[in-house]
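Written out below as structure tokens is the structure these notes cover.
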Amino acid sequence: MLRKIAKWTGIVLGSILLLALVGYFLISRNISQRIEKTYTFADESLNAPNDSNAIRRGQHLVVIKGCTDCHGNNLSGKIMMDDASLGRLSAANLTKGKGGLPADYSTTDWVRALRHGVDRVGHPLLFMPSHETTLLSQQDMAAIIAYCQQIPPVDHELPAEKIGPIVNVMTYLDKMPLFSVEKIDHDRPMVAKADSTEGIALGKYLAVSCSGCHRPDFKGGDPVAPGFPPVPNLTSTGNVGKWTQEQFMATLRTGKTPSGHQINNENMPWKMTAQYEQKELASLYQYFRSLH
């Protein structure tokens, strides 16, 4: 009797393992095919002025949009993640030094990446938040490009990206934003200029950068990745909605909540939000408070 039980237990466990392996093979193949897919979009170009005001604006946007968090302060790239189960993620060297962008990388190539989430040959850019940068105004996108085009070249070669099993599965289940290109309305036209007056409209424009973690409705939810904490609700219905404007702004500048909790910058990039202008933080607060 015990032998029969052991035999059937082994068969069941073996069958489950086989099904799991087949399932993962299919998932891995699906992700690989999506990585290798080539997209074609009409060439677009912007006039990227190189005057001091545009470059200063571009530098500010590069910081508050999190570009330096991933690509480094000099935009020469860095390894964001290197783990057997998750894989290896390298944020590209955006300079024209060794290991960086080619010498002929054009404004059109920049627009293709920021607007559509693909490289110059049409392959998806992995983990690149183009679903957020595609919503930039023409003026702001041009300013970012102008700033990036004049940064000094840095020689920094990075290892190739490698997707691990956890990222494969979570991407397949739509729990990780690996492919921004799949989330973008590619026919959506850019607005010429965003509202720069303090208020809800400016807050809504800026809040796009928060939607990746806090969800499109800004009500937060499950952790963005294994090991991360749950994502807070930023609307008037959440705990953050109980804060005063002064408390909200102080938290985004110092990383310390009104209760005294020090936020880990790896979970919530408060060192990035600390660079927002006064009117930008005030506008974010007003926009989040308007949501129910």
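Some values worked out for this structure:
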{"item": "Segment 40-67: number of residues that are basic (K, R) and either in a loop (DSSP other than H, G, I, E, B) or on the phi > 0 side of the Ramachandran plot (or both)", "result": "1"}
{"item": "One residue from T108, T95 being of a type in the set (S, T, Y), within 27 Å of A160 (Cβ to Cβ) and part of a helix (DSSP H, G or I)", "result": "T108"}
{"item": "Filter result (in a helix (DSSP H, G or I) and out of contact with any Leu (no Cβ under 8 Å at 6 or more places or on another chain)) within segment 68-92", "result": "D69, C70"}
{"item": "Residues of segment 117-135 satisfying the condition of being of a type outside the set (S, T, Y) and either without any contact (Cβ under 8 Å) to a residue 60 or more places away in the chain or in contact with an Asp or Glu (Cβ under 9 Å, 6 or more places away or on another chain) (or both)", "result": "G117, D119, R120, H123, P124, L125, L126, F127, M128, H131"}
{"item": "Count - residues of segment 208-240 that are within 13 Å of R289 (Cα to Cα) and either charged (D, E, K, R) or surrounded by 18 or more Cβ atoms within 10 Å (Cβ to Cβ) (or both)", "result": "7"}
{"item": "Candidates A160, A142 - the one that is touching a residue at least 12 places away in the same chain (Cβ under 8 Å) and surrounded by 20 or more Cβ atoms within 10 Å (Cβ to Cβ)", "result": "A142"}
{"item": "Top-ranked residue of segment 244-256 - restricted to ones that are without any contact (Cβ under 8 Å) to a residue 24 or more places away in the chain and not hydroxyl-bearing (S, T, Y), ranked as surrounded by the most Cβ atoms within 10 Å (Cβ to Cβ)", "result": "G255"}
{"item": "Test: residue in segment 15-27 that is under 21 Å from the mean Cα position of the chain (by Cα), over 24 Å from N267 (Cβ atoms) and surrounded by fewer than 17 Cβ atoms within 10 Å (Cβ to Cβ)", "result": "no"}
{"item": "Matching option when the condition is touching a residue at least 12 places away in the same chain (Cβ under 8 Å), over 14 Å from the mean Cα position of the chain (by Cα) and over 28 Å from K175 (Cβ atoms), among L75, L94", "result": "L75"}
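One line per residue, one yes/no per condition, for (1) within 19 Å of the chain's Cα centre (by Cα); (2) surrounded by 14 or more Cβ atoms within 10 Å (Cβ to Cβ); (3) outside the structural domain of L75 (by TED's automatic domain parsing):
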residue	(1), (2), (3)
C148	yes, yes, no
V154	no, yes, no
Y172	yes, yes, no
P177	yes, yes, no
P189	no, no, yes
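The values are calculated or read from the model by the stated rules, or taken from the named source; none is laboratory data. Because the structure is predicted, anything quoted here is derived from the model rather than measured. Note: ideal-geometry Cβ built from the backbone for every residue, glycine included; neighbour counts use all protein chains shown.
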